[in-house]
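To start, the structure itself, in structure tokens.
The values are calculated or read from the model by the stated rules, or taken from the named source; none is laboratory data. Owing to the predicted nature of the structure, the values given are computational and were not obtained by experimental measurement. Here the Cβ positions follow ideal geometry from the backbone for every residue, glycine too, while neighbour counts run over all protein chains shown. When the accessible area is computed, the model is the full protein with side chains, heavy atoms only, and any ligands, DNA or RNA have been set aside. Shrake-Rupley method; radii C 1.70, N 1.55, O 1.52, S 1.80 Å.
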Amino acid sequence: NTRLQVEHPVTEAVTGLDLVEWQIRIAGCETLPLAQDAIVCNGHAFEARLNAEDPRRGFRPASGLLNYFNMPDGQDGIRLDSGFAETSDVPPFYDSMFAKIIVHEKDRARALQKLCATLASVDVAGIATNRQFLAEIAAHPVFTNDEHDTDFVSAHVAQASPASNLAVAVAALAVVEDRKPETARSGRGSSGAPWGTASGWRSLLPPAPLAEVTLHDGIGARHVRFEKSAPMNHDIPGATHSCRAHVGEDCLDLSFAFSHDGPGFVVDVGQGPLHGLAIAGEHMTLLTRDEEVVFHIIDPYGAPDSVASGGGRLLAPVPGAVAAVHVTQGDAVKAGTALVVVEAMKMEHAIVAPHDGIVAHVRYAVGDLVAEGAELVVLEAASQ
């Protein structure tokens, strides 16, 4: 084999050999350092591929800026390979793998425990990843007992499900808190006087709603409305507050404390701290004990975007390059006709007509780069 496979670190871990060095020596006309019968395997190794893809959306490729990227390198028996770092931009032009986690231990059970612990300690924000999906596989009892087969994922790993209402409420609460003026966040000008706060306090009036926020978790958009659970004259920085979150038809009473922590924030809702990372632009990553969700923060006063728009505006599902344009302005098309193809991370995504209609506008040409949510085609309904 003239090239090394992606999994070569597993072989290196169990043999203690450097296969890259071997290839270089062979290219220099040296002989193989060892014969096959001299190679001894020790212990067990796993490799997990960390991909920029969204399991909640059919493993759709995800590209963009790594607002936060923490991998626990340098520990015994753990090898982390990546060409990216925090603030790196993950482009849409290559495959979706941006890091590999390789663990080695004396036996399979210990190696699997180390893999689970390492996956749990990896934090990524800014783009969707398959980290939680990998963690669920590694922790599943069928996989733990080495009873899996090629049907394992479809049979045992849960399909994409919407974020829990608690996660949605906490994410919306973080957006509200992050949008407060710096004076309210830091406590300056709030020593007993409500004028510098953004809590919705009004003189001689009942407490106003804290805010209304709409979030999208890759499966659906949900609207969150907050109200104070009890009258409060003003916010006290660092104190625990009470509010009521209305998420769809569900109502949650939250006793929360919000604080900033490095690149992200911590919200304690009485069930232990929930960590969020990098509210940046329109996206936020929320990490709870059981969930990892990338939320799209929808501005109700902004222009229609990839989440909120509808009608005849056909939008790019992923950032990438236009690989094909099959229609021109004025064409009559039938429902299901492929109009434009966008290529991202070696995958092609066809944008098809949702109904019969007339192509009113084609916004891009072959080779153009498009952002997620970019309007590709405007399709008008066919006249009766």
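Structural remarks
- Cross-link reach is defined here as a Cα-Cα straight distance under 17 Å, omitting same-chain residues fewer than 8 places apart; for K106 the aspartates and glutamates meeting it are E12, E47, D76, D146.
- With both labels modelled 7 Å from their Cα along Cα-to-Cβ, the L34 to H148 distance reads 2.8 nm.
- Within the straight-line cut-off of under 21 Å between alpha carbons, the lysines reachable from K346 are K100, sequence neighbours fewer than 8 places apart in one chain being disregarded.
- Three principal axis extents describe the C-alpha atoms of the stretch 29-181; from largest down they are 67, 39, 29 Å.
- Stretched out straight at 0.36 nm per residue, the stretch from D107 to E348 would grow longer than its current Cα-Cα span by 82.7 nm.
- With all protein chains modelled, accessible area of V333 [1.4 Å, Å²]: 10
- Charge tally around V6: other residues with Cβ under 15 Å, Lys/Arg +1 each, Asp/Glu -1 each, net 0.
- Accessible-area value, C251, 1.4 Å probe, nucleic acids and ligands omitted, Å²: 70
- Relative contact order %, the stretch 1-156, counting alpha carbon pairs below 8 Å whose residues are six or more apart: 25
- Stretching the chain fully between A381 and E291 yields a gain of 28.3 nm (0.36 nm per residue, less the alpha carbon separation).
- With a simple spin-label model that places each label point 7 Å from the Cα along the Cα-to-Cβ direction, the separation between R225 and D18 comes to 6.5 nm.
- Within the full protein context, the accessible area of E30 is estimated at about 90 Å² for a probe radius of 1.4 Å.
- Shown is the FRET efficiency for R3 and A85, computed with R0 = 25 Å from the Cβ-Cβ distance and rounded to the nearest 0.05: 0.50.
- Of the trypsin sites (Lys or Arg not before Pro) in the stretch 1-83, those whose Cβ has at most 14 other Cβ within 10 Å and which sit in DSSP loop: R3
- Distance (nanometres) between label positions extended 7 Å along Cα→Cβ at A27 and S255: 6.4
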